[in-house]
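Beneath this line is the structure, given in C-alpha coordinates, with notes to follow.
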Ligand code: NIG
Ligand code: FE
(Lines give C-alpha, C1' and ligand atoms only; values in the text may rest on other atoms or scores of the structure.)
(Ligands and ions follow the chains in the order given, each with its own letter.)
Protein backbone atom coordinates (compact mmCIF):
# COMPACT_ATOMS: atom_id res chain seq x y z
CA UNK A 1 0.00 0.00 0.00
CA UNK A 2 1.36 3.42 -0.95
CA UNK A 3 0.63 6.65 0.89
CA UNK A 4 -0.74 9.67 -0.97
CA UNK A 5 -1.09 13.25 0.28
CA UNK A 6 -4.70 13.30 -0.87
CA UNK A 7 -7.25 10.86 -2.25
CA UNK A 8 -10.20 12.22 -4.23
CA UNK A 9 -12.95 9.61 -4.04
CA UNK A 10 -16.56 9.19 -5.15
CA UNK A 11 -16.07 10.76 -8.58
CA UNK A 12 -19.25 9.99 -10.55
CA UNK A 13 -17.46 10.20 -13.88
CA UNK A 14 -13.91 11.14 -14.76
CA UNK A 15 -13.36 12.43 -18.31
CA UNK A 16 -9.99 13.35 -19.76
CA UNK A 17 -8.04 13.52 -22.98
CA UNK A 18 -4.74 11.65 -22.91
CA UNK A 19 -1.20 12.55 -23.90
CA UNK A 20 1.00 15.60 -23.96
CA UNK A 21 0.46 16.94 -27.47
CA UNK A 22 -2.53 18.62 -29.10
CA UNK A 23 -5.07 16.19 -30.56
CA UNK A 24 -6.66 16.91 -33.94
CA UNK A 25 -9.02 15.32 -36.43
CA UNK A 26 -10.71 12.16 -35.15
CA UNK A 27 -8.44 12.05 -32.07
CA UNK A 28 -9.96 15.30 -30.78
CA UNK A 29 -13.03 13.49 -29.47
CA UNK A 30 -11.28 10.44 -28.03
CA UNK A 31 -11.46 11.12 -24.32
CA UNK A 32 -11.16 8.51 -21.60
CA UNK A 33 -14.24 8.14 -19.41
CA UNK A 34 -14.25 6.24 -16.10
CA UNK A 35 -17.42 5.80 -14.03
CA UNK A 36 -16.87 5.58 -10.27
CA UNK A 37 -13.33 6.95 -10.28
CA UNK A 38 -10.78 8.16 -7.75
CA UNK A 39 -7.48 10.05 -7.82
CA UNK A 40 -4.36 9.75 -5.67
CA UNK A 41 -2.22 12.86 -5.38
CA UNK A 42 1.38 13.03 -4.17
CA UNK A 43 2.79 16.53 -3.85
CA UNK A 44 1.49 18.51 -6.81
CA UNK A 45 1.17 15.48 -9.10
CA UNK A 46 -1.34 12.77 -9.93
CA UNK A 47 -0.01 9.44 -8.69
CA UNK A 48 -3.03 7.30 -9.58
CA UNK A 49 -6.10 7.84 -11.76
CA UNK A 50 -8.73 5.17 -12.32
CA UNK A 51 -11.64 3.11 -10.99
CA UNK A 52 -12.11 3.80 -7.28
CA UNK A 53 -11.69 0.18 -6.17
CA UNK A 54 -8.32 -0.07 -7.97
CA UNK A 55 -7.04 3.23 -6.59
CA UNK A 56 -8.16 2.36 -3.06
CA UNK A 57 -6.57 -1.09 -3.29
CA UNK A 58 -3.16 0.48 -3.90
CA UNK A 59 -3.28 3.85 -2.14
CA UNK A 60 -4.10 5.18 1.30
CA UNK A 61 -4.11 8.71 2.67
CA UNK A 62 -4.94 10.59 5.84
CA UNK A 63 -6.61 13.20 3.63
CA UNK A 64 -9.67 12.17 1.64
CA UNK A 65 -11.85 14.50 -0.42
CA UNK A 66 -15.32 13.12 -1.17
CA UNK A 67 -16.24 14.42 -4.64
CA UNK A 68 -19.92 13.65 -3.97
CA UNK A 69 -20.48 12.08 -7.37
CA UNK A 70 -19.00 15.00 -9.33
CA UNK A 71 -17.79 14.97 -12.91
CA UNK A 72 -13.99 15.32 -12.75
CA UNK A 73 -12.19 16.96 -15.66
CA UNK A 74 -8.79 18.62 -16.04
CA UNK A 75 -8.82 22.26 -14.89
CA UNK A 76 -9.70 24.39 -17.90
CA UNK A 77 -6.87 26.16 -19.72
CA UNK A 78 -8.02 29.47 -21.20
CA UNK A 79 -5.59 30.03 -24.06
CA UNK A 80 -6.50 33.63 -24.96
CA UNK A 81 -7.43 36.46 -22.59
CA UNK A 82 -6.77 40.18 -22.11
CA UNK A 83 -7.27 40.41 -18.32
CA UNK A 84 -5.17 43.47 -17.41
CA UNK A 85 -7.44 46.50 -17.65
CA UNK A 86 -9.10 49.15 -15.53
CA UNK A 87 -12.62 50.25 -16.36
CA UNK A 88 -15.25 48.48 -18.41
CA UNK A 89 -16.92 49.29 -21.77
CA UNK A 90 -20.60 48.56 -21.28
CA UNK A 91 -21.38 51.81 -23.16
CA UNK A 92 -19.87 50.26 -26.31
CA UNK A 93 -21.89 47.11 -25.76
CA UNK A 94 -25.04 49.23 -25.67
CA UNK A 95 -23.90 51.00 -28.86
CA UNK A 96 -23.43 47.68 -30.64
CA UNK A 97 -26.79 46.46 -29.45
CA UNK A 98 -28.20 49.64 -31.00
CA UNK A 99 -26.50 48.81 -34.31
CA UNK A 100 -23.01 50.38 -34.30
CA UNK A 101 -20.02 48.35 -35.48
CA UNK A 102 -16.89 47.35 -33.53
CA UNK A 103 -14.45 49.02 -35.97
CA UNK A 104 -16.68 52.10 -36.22
CA UNK A 105 -16.58 52.50 -32.43
CA UNK A 106 -12.84 51.91 -32.41
CA UNK A 107 -12.17 54.49 -35.15
CA UNK A 108 -14.18 57.07 -33.19
CA UNK A 109 -11.65 56.72 -30.33
CA UNK A 110 -13.44 54.02 -28.35
CA UNK A 111 -12.54 50.34 -28.47
CA UNK A 112 -9.04 49.31 -27.48
CA UNK A 113 -7.97 52.97 -27.04
CA UNK A 114 -10.63 53.44 -24.41
CA UNK A 115 -9.01 50.65 -22.36
CA UNK A 116 -5.59 52.19 -23.06
CA UNK A 117 -6.73 55.39 -21.33
CA UNK A 118 -7.87 53.28 -18.37
CA UNK A 119 -4.60 51.37 -18.02
CA UNK A 120 -2.38 54.43 -18.44
CA UNK A 121 -4.32 56.21 -15.72
CA UNK A 122 -4.23 53.28 -13.31
CA UNK A 123 -1.52 52.50 -10.77
CA UNK A 124 0.23 49.15 -10.73
CA UNK A 125 -1.45 48.42 -7.39
CA UNK A 126 -4.92 49.03 -8.77
CA UNK A 127 -4.30 46.90 -11.85
CA UNK A 128 -2.98 44.10 -9.64
CA UNK A 129 -5.98 44.25 -7.32
CA UNK A 130 -8.37 44.06 -10.29
CA UNK A 131 -6.47 41.19 -11.85
CA UNK A 132 -6.43 39.20 -8.60
CA UNK A 133 -10.23 39.59 -8.31
CA UNK A 134 -10.57 38.32 -11.86
CA UNK A 135 -8.35 35.32 -11.11
CA UNK A 136 -10.67 34.40 -8.23
CA UNK A 137 -13.51 34.34 -10.73
CA UNK A 138 -11.51 32.22 -13.21
CA UNK A 139 -10.95 29.65 -10.47
CA UNK A 140 -14.62 29.62 -9.52
CA UNK A 141 -15.37 28.79 -13.15
CA UNK A 142 -12.91 25.87 -13.17
CA UNK A 143 -10.07 27.59 -15.04
CA UNK A 144 -6.67 26.81 -13.53
CA UNK A 145 -4.36 28.23 -16.23
CA UNK A 146 -4.82 31.46 -18.16
CA UNK A 147 -2.88 32.97 -21.04
CA UNK A 148 -2.75 36.70 -20.18
CA UNK A 149 -2.02 39.37 -22.76
CA UNK A 150 -1.00 42.95 -22.24
CA UNK A 151 -2.09 45.33 -24.99
CA UNK A 152 -3.86 48.16 -23.20
CA UNK A 153 -0.68 50.05 -22.33
CA UNK A 154 0.76 50.60 -25.83
CA UNK A 155 3.83 52.44 -24.54
CA UNK A 156 7.15 51.13 -23.28
CA UNK A 157 6.37 52.09 -19.71
CA UNK A 158 2.72 51.03 -19.62
CA UNK A 159 3.27 47.69 -21.34
CA UNK A 160 6.04 46.79 -18.88
CA UNK A 161 3.77 47.91 -16.06
CA UNK A 162 1.15 45.40 -17.27
CA UNK A 163 3.73 42.61 -17.55
CA UNK A 164 4.87 43.29 -13.97
CA UNK A 165 1.24 43.13 -12.85
CA UNK A 166 0.84 39.72 -14.52
CA UNK A 167 4.05 38.47 -12.85
CA UNK A 168 2.91 39.72 -9.43
CA UNK A 169 -0.52 38.10 -9.82
CA UNK A 170 1.08 34.86 -10.97
CA UNK A 171 3.22 34.77 -7.82
CA UNK A 172 0.32 35.61 -5.51
CA UNK A 173 -2.54 33.48 -6.88
CA UNK A 174 -3.07 29.77 -7.54
CA UNK A 175 -4.17 30.38 -11.14
CA UNK A 176 -1.15 29.94 -13.40
CA UNK A 177 -0.67 32.84 -15.83
CA UNK A 178 1.18 32.64 -19.13
CA UNK A 179 2.26 36.18 -20.09
CA UNK A 180 2.02 37.48 -23.65
CA UNK A 181 3.27 40.89 -24.83
CA UNK A 182 0.66 42.46 -27.11
CA UNK A 183 2.18 45.88 -27.70
CA UNK A 184 0.93 45.53 -31.30
CA UNK A 185 -2.74 45.46 -30.29
CA UNK A 186 -3.56 48.83 -31.88
CA UNK A 187 -1.77 52.10 -32.68
CA UNK A 188 -1.81 54.47 -29.70
CA UNK A 189 -3.36 57.90 -30.30
CA UNK A 190 -0.02 59.71 -30.28
CA UNK A 191 1.17 57.57 -33.24
CA UNK A 192 -2.03 57.53 -35.30
CA UNK A 193 -0.54 59.97 -37.82
CA UNK A 194 2.78 58.14 -37.93
CA UNK A 195 2.14 54.46 -37.55
CA UNK A 196 5.55 53.44 -38.86
CA UNK A 197 7.17 55.24 -35.92
CA UNK A 198 5.22 53.02 -33.50
CA UNK A 199 6.21 49.88 -35.44
CA UNK A 200 9.83 51.07 -35.17
CA UNK A 201 9.42 51.63 -31.44
CA UNK A 202 8.04 48.09 -31.07
CA UNK A 203 10.89 46.62 -33.12
CA UNK A 204 13.80 48.55 -31.67
CA UNK A 205 12.72 49.53 -28.18
CA UNK A 206 9.73 47.68 -26.72
CA UNK A 207 10.27 44.11 -27.96
CA UNK A 208 13.96 44.10 -26.89
CA UNK A 209 13.04 45.58 -23.47
CA UNK A 210 10.29 42.99 -22.98
CA UNK A 211 12.59 40.13 -23.94
CA UNK A 212 15.31 41.50 -21.67
CA UNK A 213 12.86 41.76 -18.75
CA UNK A 214 12.03 38.05 -18.93
CA UNK A 215 8.41 38.96 -18.16
CA UNK A 216 6.80 37.57 -21.34
CA UNK A 217 6.80 34.10 -22.89
CA UNK A 218 5.01 35.10 -26.08
CA UNK A 219 4.49 38.10 -28.34
CA UNK A 220 1.28 38.71 -30.25
CA UNK A 221 -0.11 41.06 -32.90
CA UNK A 222 -3.58 42.05 -34.08
CA UNK A 223 -3.25 41.37 -37.81
CA UNK A 224 -6.31 43.04 -39.31
CA UNK A 225 -7.09 45.55 -42.04
CA UNK A 226 -7.64 48.48 -39.64
CA UNK A 227 -4.57 47.76 -37.48
CA UNK A 228 -1.39 45.77 -38.41
CA UNK A 229 -0.99 44.57 -41.98
CA UNK A 230 0.69 41.30 -42.91
CA UNK A 231 4.08 42.86 -43.63
CA UNK A 232 4.18 44.79 -40.33
CA UNK A 233 3.02 41.66 -38.49
CA UNK A 234 5.71 39.53 -40.13
CA UNK A 235 8.49 41.92 -39.09
CA UNK A 236 7.19 42.23 -35.54
CA UNK A 237 6.76 38.51 -34.97
CA UNK A 238 10.09 37.66 -36.58
CA UNK A 239 11.77 40.17 -34.30
CA UNK A 240 10.00 38.72 -31.26
CA UNK A 241 11.11 35.26 -32.26
CA UNK A 242 14.75 36.40 -32.74
CA UNK A 243 14.61 37.80 -29.23
CA UNK A 244 13.46 34.43 -27.83
CA UNK A 245 9.71 35.00 -27.56
CA UNK A 246 7.11 32.52 -28.80
CA UNK A 247 4.57 33.73 -31.35
CA UNK A 248 0.77 33.89 -30.99
CA UNK A 249 -1.32 35.94 -33.42
CA UNK A 250 -4.80 37.48 -33.77
CA UNK A 251 -5.60 36.63 -37.39
CA UNK A 252 -8.53 36.73 -39.83
CA UNK A 253 -10.93 37.88 -37.12
CA UNK A 254 -12.99 40.55 -38.91
CA UNK A 255 -11.69 40.21 -42.47
CA UNK A 256 -9.73 37.59 -44.40
CA UNK A 257 -6.28 38.97 -45.06
CA UNK A 258 -3.69 36.21 -45.19
CA UNK A 259 -3.10 36.21 -41.44
CA UNK A 260 -3.46 32.46 -41.11
CA UNK A 261 -0.93 31.93 -43.89
CA UNK A 262 1.49 34.21 -42.04
CA UNK A 263 0.98 32.30 -38.77
CA UNK A 264 1.74 29.11 -40.71
CA UNK A 265 4.81 30.62 -42.37
CA UNK A 266 6.13 31.67 -38.96
CA UNK A 267 5.26 28.33 -37.32
CA UNK A 268 3.35 30.23 -34.63
CA UNK A 269 2.39 28.52 -31.39
CA UNK A 270 -1.20 29.56 -32.09
CA UNK A 271 -3.35 31.36 -34.66
CA UNK A 272 -6.29 32.89 -32.84
CA UNK A 273 -9.86 33.86 -33.88
CA UNK A 274 -9.95 32.80 -37.57
CA UNK A 275 -13.59 33.68 -38.05
CA UNK A 276 -12.84 34.81 -41.63
CA UNK A 277 -10.07 32.32 -42.47
CA UNK A 278 -9.89 31.20 -46.10
CA UNK A 279 -9.60 27.64 -47.37
CA UNK A 280 -5.91 28.31 -48.23
CA UNK A 281 -5.44 29.60 -44.69
CA UNK A 282 -6.83 26.38 -43.20
CA UNK A 283 -4.60 24.28 -45.45
CA UNK A 284 -1.53 26.33 -44.51
CA UNK A 285 -2.27 25.97 -40.78
CA UNK A 286 -2.80 22.22 -41.17
CA UNK A 287 0.45 21.80 -43.08
CA UNK A 288 2.40 23.78 -40.46
CA UNK A 289 0.64 22.11 -37.50
CA UNK A 290 -0.36 25.46 -35.97
CA UNK A 291 -2.97 25.28 -33.17
CA UNK A 292 -6.07 27.39 -33.91
CA UNK A 293 -7.38 29.08 -30.76
CA UNK A 294 -11.12 29.57 -31.28
CA UNK A 295 -13.28 32.01 -29.32
CA UNK A 296 -16.92 31.15 -30.09
CA UNK A 297 -18.42 33.87 -27.91
CA UNK A 298 -16.69 36.77 -29.69
CA UNK A 299 -18.82 37.03 -32.87
CA UNK A 300 -21.90 36.70 -30.69
CA UNK A 301 -20.73 39.51 -28.43
CA UNK A 302 -19.69 41.71 -31.38
CA UNK A 303 -22.90 40.91 -33.26
CA UNK A 304 -21.02 39.94 -36.42
CA UNK A 305 -21.86 37.08 -38.72
CA UNK A 306 -18.79 35.04 -39.62
CA UNK A 307 -18.11 32.06 -37.37
CA UNK A 308 -14.79 30.19 -37.31
CA UNK A 309 -15.21 27.12 -39.58
CA UNK A 310 -14.25 24.81 -36.75
CA UNK A 311 -15.63 21.60 -38.23
CA UNK A 312 -13.80 22.21 -41.48
CA UNK A 313 -10.58 22.79 -39.49
CA UNK A 314 -11.04 19.58 -37.51
CA UNK A 315 -11.73 17.66 -40.73
CA UNK A 316 -8.47 19.11 -42.09
CA UNK A 317 -6.70 17.50 -39.12
CA UNK A 318 -6.22 20.68 -37.07
CA UNK A 319 -6.18 20.48 -33.26
CA UNK A 320 -8.19 23.47 -32.02
CA UNK A 321 -8.05 25.00 -28.58
CA UNK A 322 -10.93 26.98 -27.08
CA UNK A 323 -10.75 30.27 -25.20
CA UNK A 324 -12.92 33.03 -23.81
CA UNK A 325 -10.91 35.99 -25.24
CA UNK A 326 -11.93 37.64 -21.94
CA UNK A 327 -11.60 41.42 -22.36
CA UNK A 328 -13.78 44.47 -21.68
CA UNK A 329 -14.53 45.14 -25.36
CA UNK A 330 -15.15 42.13 -27.54
CA UNK A 331 -16.03 39.44 -24.98
CA UNK A 332 -16.75 40.23 -21.36
CA UNK A 333 -16.97 36.78 -19.86
CA UNK A 334 -14.52 34.53 -18.05
CA UNK A 335 -16.64 31.41 -18.36
CA UNK A 336 -15.10 28.39 -20.04
CA UNK A 337 -18.26 26.35 -19.25
CA UNK A 338 -20.18 28.89 -21.37
CA UNK A 339 -17.56 28.64 -24.14
CA UNK A 340 -17.98 24.85 -24.20
CA UNK A 341 -21.71 25.06 -24.79
CA UNK A 342 -21.27 27.61 -27.56
CA UNK A 343 -18.56 25.49 -29.16
CA UNK A 344 -21.13 22.70 -29.32
CA UNK A 345 -23.98 24.85 -30.61
CA UNK A 346 -22.05 27.02 -33.07
CA UNK A 347 -19.20 24.76 -34.13
CA UNK A 348 -20.85 21.37 -33.85
CA UNK A 349 -18.21 20.11 -31.43
CA UNK A 350 -19.14 17.16 -29.23
CA UNK A 351 -18.69 17.48 -25.46
CA UNK A 352 -15.60 15.26 -25.73
CA UNK A 353 -14.08 17.39 -28.51
CA UNK A 354 -14.80 20.60 -26.61
CA UNK A 355 -13.21 19.16 -23.46
CA UNK A 356 -9.99 18.26 -25.27
CA UNK A 357 -9.88 21.69 -26.92
CA UNK A 358 -10.38 23.46 -23.57
CA UNK A 359 -7.75 21.45 -21.72
CA UNK A 360 -5.00 19.46 -23.46
CA UNK A 361 -4.96 21.39 -26.74
CA UNK A 362 -4.98 24.74 -24.95
CA UNK A 363 -2.15 23.55 -22.66
CA UNK A 364 -0.17 22.33 -25.69
CA UNK A 365 -0.59 25.72 -27.38
CA UNK A 366 1.09 27.20 -24.30
CA UNK A 367 3.94 24.65 -24.32
CA UNK A 368 2.56 23.03 -21.17
CA UNK A 369 1.08 19.83 -22.61
CA UNK A 370 3.64 17.69 -20.80
CA UNK A 371 2.51 19.02 -17.38
CA UNK A 372 -1.08 20.27 -17.79
CA UNK A 373 -4.30 19.52 -19.66
CA UNK A 374 -5.14 15.92 -18.73
CA UNK A 375 -5.76 13.70 -15.72
CA UNK A 376 -2.97 11.16 -16.04
CA UNK A 377 -0.29 9.81 -13.73
CA UNK A 378 2.63 12.23 -13.64
CA UNK A 379 0.64 15.28 -14.70
CA UNK A 380 0.06 18.18 -12.33
CA UNK A 381 -3.10 17.68 -10.23
CA UNK A 382 -5.22 20.49 -11.70
CA UNK A 383 -8.77 19.21 -11.42
CA UNK A 384 -12.25 20.73 -11.77
CA UNK A 385 -15.08 18.88 -9.99
CA UNK A 386 -18.40 19.73 -11.59
CA UNK A 387 -21.97 19.27 -10.49
CA UNK A 388 -22.78 17.22 -13.57
CA UNK A 389 -23.77 13.58 -13.92
CA UNK A 390 -21.79 12.87 -17.07
CA UNK A 391 -19.55 14.35 -19.78
CA UNK A 392 -22.45 15.44 -22.01
CA UNK A 393 -23.57 17.89 -19.34
CA UNK A 394 -20.40 19.93 -20.02
CA UNK A 395 -22.07 21.32 -23.13
CA UNK A 396 -25.74 20.37 -22.55
CA UNK A 397 -26.53 22.43 -19.47
CA UNK A 398 -25.58 26.09 -19.58
CA UNK A 399 -26.23 29.47 -18.04
CA UNK A 400 -25.04 28.49 -14.58
CA UNK A 401 -21.68 27.64 -13.07
CA UNK A 402 -21.43 23.87 -12.54
CA UNK A 403 -18.03 24.04 -10.81
CA UNK A 404 -18.22 22.79 -7.21
CA UNK A 405 -14.52 22.41 -6.35
CA UNK A 406 -11.16 23.09 -7.93
CA UNK A 407 -7.73 21.64 -7.20
CA UNK A 408 -4.59 23.37 -8.45
CA UNK A 409 -1.25 21.57 -8.17
CA UNK A 410 -2.78 19.13 -5.68
CA UNK A 411 -4.30 21.75 -3.35
CA UNK A 412 -8.01 22.42 -2.90
CA UNK A 413 -8.14 26.08 -3.98
CA UNK A 414 -11.85 26.63 -4.49
CA UNK A 415 -14.95 25.19 -2.91
CA UNK A 416 -18.39 26.56 -3.73
CA UNK A 417 -19.66 28.30 -0.60
CA UNK A 418 -23.04 26.64 -0.36
CA UNK A 419 -23.87 23.55 -2.33
CA UNK A 420 -27.30 23.82 -3.91
CA UNK A 421 -29.92 22.27 -1.66
CA UNK A 422 -30.64 18.72 -2.67
CA UNK A 423 -33.70 16.71 -1.97
CA UNK A 424 -33.30 13.25 -0.48
CA UNK A 425 -32.65 10.56 -3.09
CA UNK A 426 -35.66 10.18 -5.32
CA UNK A 427 -36.54 7.37 -7.71
CA UNK A 428 -34.89 7.58 -11.11
CA UNK A 429 -36.78 9.38 -13.88
CA UNK A 430 -37.64 6.65 -16.39
CA UNK A 431 -36.71 8.84 -19.36
CA UNK A 432 -33.84 10.77 -17.79
CA UNK A 433 -30.52 9.43 -18.94
CA UNK A 434 -28.65 11.46 -16.32
CA UNK A 435 -30.55 9.90 -13.45
CA UNK A 436 -30.43 6.49 -15.08
CA UNK A 437 -26.64 6.60 -15.43
CA UNK A 438 -25.90 8.55 -12.29
O1 LIG B 1 -9.31 39.61 -29.20
N2 LIG B 1 -8.93 41.42 -31.56
C3 LIG B 1 -8.31 42.17 -30.85
N4 LIG B 1 -8.34 42.22 -29.54
C5 LIG B 1 -9.43 41.84 -28.74
C6 LIG B 1 -10.38 42.96 -28.56
C7 LIG B 1 -9.90 43.84 -27.51
C8 LIG B 1 -10.79 44.99 -27.21
O9 LIG B 1 -11.76 45.31 -27.94
O10 LIG B 1 -10.47 45.60 -26.20
C11 LIG B 1 -10.03 40.57 -29.25
O12 LIG B 1 -11.19 40.51 -29.66
FE1 FE C 1 -7.98 38.78 -28.28
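The values are calculated or read from the model by the stated rules, or taken from the named source; none is laboratory data. Just so we're clear, the structure is a prediction, and the values are computed from it rather than from any experiment. Cβ sites come from the backbone with ideal geometry, for glycine too, and all protein chains shown count toward neighbours.
Restricting region 266-278 to residues that are touching a helix residue (DSSP H, G or I) at 6+ places or on another chain (Cβ under 8 Å) and within 24 Å of residue 303 (Cα to Cα) leaves a set whose member that is surrounded by the most Cβ atoms within 10 Å (Cβ to Cβ) is 271. When every residue of region 341-353 is checked against the conditions, none turns out to be within 13 Å of residue 145 (Cβ to Cβ), in contact (Cβ under 8 Å) with a residue 12 or more places away in the chain, under 15 Å from the mean Cα position of the chain (by Cα) and outside the structural domain of residue 326 (by TED's automatic domain parsing). Please determine, by comparing only the residues of region 97-118 that are away from ligand 1 (no atom under 11 Å from the Cβ) and outside any loop (DSSP other than H, G, I, E, B), which one is modelled with the lowest pLDDT. Here the residue is 107.
Residue count for region 213-238, restricted to those that are surrounded by fewer than 18 Cβ atoms within 10 Å (Cβ to Cβ) and either in contact with a strand residue (DSSP E or B) (Cβ under 8 Å, 6 or more places away or on another chain) or in contact (Cβ under 8 Å) with a residue 24 or more places away in the chain (or both): 8. Only residues that are within 16 Å of ligand 1 (Cβ to nearest atom) and under 12 Å from residue 169 (Cβ atoms) were counted in region 133-150, giving 3. Is there a residue being touching a strand residue (DSSP E or B) at 6+ places or on another chain (Cβ under 7 Å), farther than 24 Å from residue 134 by Cα, modelled with pLDDT of 95 or more and surrounded by 24 or more Cβ atoms within 10 Å (Cβ to Cβ) anywhere in region 400-413? Within region 400-413, none of the residues are touching a strand residue (DSSP E or B) at 6+ places or on another chain (Cβ under 7 Å), farther than 24 Å from residue 134 by Cα, modelled with pLDDT of 95 or more and surrounded by 24 or more Cβ atoms within 10 Å (Cβ to Cβ). For beta carbons closer than 8 Å, sequence separation of 6+ or different chains, a first residue in region 99-120 that is closer than 16 Å to residue 305 by Cα and a second that is outside any loop (DSSP other than H, G, I, E, B) and within 15 Å of ligand 2 (Cβ to nearest atom), the qualifying pairs are 102/302. Among the residues of region 136-145, is there at least one that is more than 27 Å from residue 246 (Cβ to Cβ), under 19 Å from the mean Cα position of the chain (by Cα) and surrounded by fewer than 24 Cβ atoms within 10 Å (Cβ to Cβ)? Yes, region 136-145 has at least one match. Residues in region 30-50 that are out of contact with any strand residue (DSSP E or B) (no Cβ under 7 Å at 6 or more places or on another chain) and within 22 Å of residue 354 (Cα to Cα): 30 alone.
With the structure loaded, tell me whether residue 416 is surrounded by 13 or more Cβ atoms within 10 Å (Cβ to Cβ), within 21 Å of the chain's Cα centre (by Cα) and either modelled with pLDDT of 65 or more or closer than 25 Å to residue 39 by Cβ (or both) or whether it fails that test. Judged against the criteria, residue 416 is not a match. Among the residues of region 297-330, count how many are on the phi > 0 side of the Ramachandran plot and either more than 16 Å from ligand 1 (Cβ to nearest atom) or without any contact (Cβ under 8 Å) to a residue 60 or more places away in the chain (or both). Residues flagged as on the phi > 0 side of the Ramachandran plot and either more than 16 Å from ligand 1 (Cβ to nearest atom) or without any contact (Cβ under 8 Å) to a residue 60 or more places away in the chain (or both) within region 297-330 amount to 1. Any chance region 52-74 includes a residue that's in contact (Cβ under 8 Å) with a residue 12 or more places away in the chain and closer than 30 Å to residue 268 by Cα? Among the residues of region 52-74, at least one is in contact (Cβ under 8 Å) with a residue 12 or more places away in the chain and closer than 30 Å to residue 268 by Cα, which makes the answer yes.
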